[in-house]
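Notes follow once the structure below has been shown.
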Amino acid sequence: MDDPCLHNLNLIHHRINIACAATGRNPNTIRLLMATKTVPAERIKIALQAGEFLIGENKVQELKEKFNELKDTPHESHFIGHLQSNKIKDLLKCSVSCIQSIDRFEIAEKLHARLTFEKKEMNVLIQVNSSDEESKFGVSPENAVALIKKVASLSTLHIKGLMTIGLFSAEENKVRPCFRKMKNLQQHIIKHKINGVEMDVLSMGMSHDLEIAIEEGATLIRIGTAIFGERIYPDSYYWKE
Ligand SMILES: *Cc1c(COP(=O)(O)O)cnc(C)c1O
């Protein structure tokens, strides 16, 4: 039997198209990242061979394990999890093209030091805590500009935009303001014209809220459950220290 992810991917593209049509956006302006935590490499391969290209992992260990198995299947990979400084070296061995989760200067500095040593550079997004929940990582919207100015001074890091995990709520009127806050923050940062900072990427929207995120301006959505099914680990395993 075909892996259900194939059918699910069709559904996701359908949802993207409908959300875009509703807001007059071109679906080609939305990138789909498959959030692949807990998903075995064989299943990721199936989705990649069906025409997907971008994947994201949360844990360096897990990324490393799958990296070898996926290296002959064309794809691009981003790191979307909480980054710890003792994992930077390993992370840089896994050919990620972007780290979406820079949320404090200390980790940016350590990443910069290692990249300098390896004569490499890295695209990054600044992770913002848009829902004001203690349990979420990310710089507060109030402190985002200051952090971005500092990170922009590190020559190996190229800021491309913002990432957020929205509020988990079935109530749309609570979720939407988080995403709107991100769009406003993006515009605010653009006005600051910080040297070397690009703000084209707005990474927001997951399985349950991708439509709202697209309506509010997401350019990259990160989808796990709605493609691969429910995970056995609770998200807290990935989102807290
Ligand atoms: C797991 C994860 C996602 C995808 O979440 P789903 O609800 O399964 O679609 C997106 N972003 C991050 C950072 C994640 O850890």
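Going from the fewest other Cβ atoms within 10 Å to the most, the residues MET1, MET34 appear in the order MET1, MET34. Computed from the alpha carbon positions, the gyration tensor of region 148-229 leads to an equivalent ellipsoid with semi-axes of 26, 15, 9 Å, biggest first. Shape class for region 1-120: oblate, because the ratio a/c of the largest to smallest gyration tensor axis (alpha-carbon atoms, square roots of eigenvalues) is 1.5 or more and b/c is at least a/b. Look at the dipole of the chain built from charges on Cβ: of HIS13, PHE67, SER169, the Cα furthest out on the positive end belongs to PHE67. Length gained on full extension, ASP90 to PHE105, computed as 0.36 nm times the residue gap minus the Cα-Cα distance: 3.4 nm.
Summing Lys and Arg as +1 and Asp and Glu as -1 over all other residues whose Cβ lies under 14 Å from the Cβ of GLU216 gives a net charge of +2. Each part gets one Cα centre, and for region 189-206 versus region 148-170 those centres are 8 Å apart. Site pair SER155 and ASN26 shows an inter-label distance of 3.6 nm when each label is modelled 7 Å from Cα along Cα→Cβ. Whole-Hz Karplus values for region 168-184 come out as 7, 7, 7, 8, 4, 6, 9, 7, 4, x, 4, 5, 5, 4, 5, 4, 5 Hz, taken residue by residue from phi with 6.51 cos²θ - 1.76 cosθ + 1.60 and θ = phi - 60°; glycine and proline positions read x. What does the C-alpha gyration tensor say about the overall shape of the chain? Classify as rounded when a/c is under 1.5, otherwise prolate if a/b is larger than b/c, or oblate. Note, shape of the chain comes out oblate. From helices alone, the chain scores -13000 deg cm²/dmol at 222 nm; the rule is -39500 (n - 2.57) for each run of n ≥ 4 DSSP H residues, then divide by the residue total.
Readers should treat all values here as calculations from the given coordinates under stated rules, not as data from a laboratory. In this text the structure is predicted, and so the values were computed from the model without any measurement. Because the Cβ atoms are built from the backbone with ideal geometry, glycine has one as well, and the counts that use them run over all protein chains shown.
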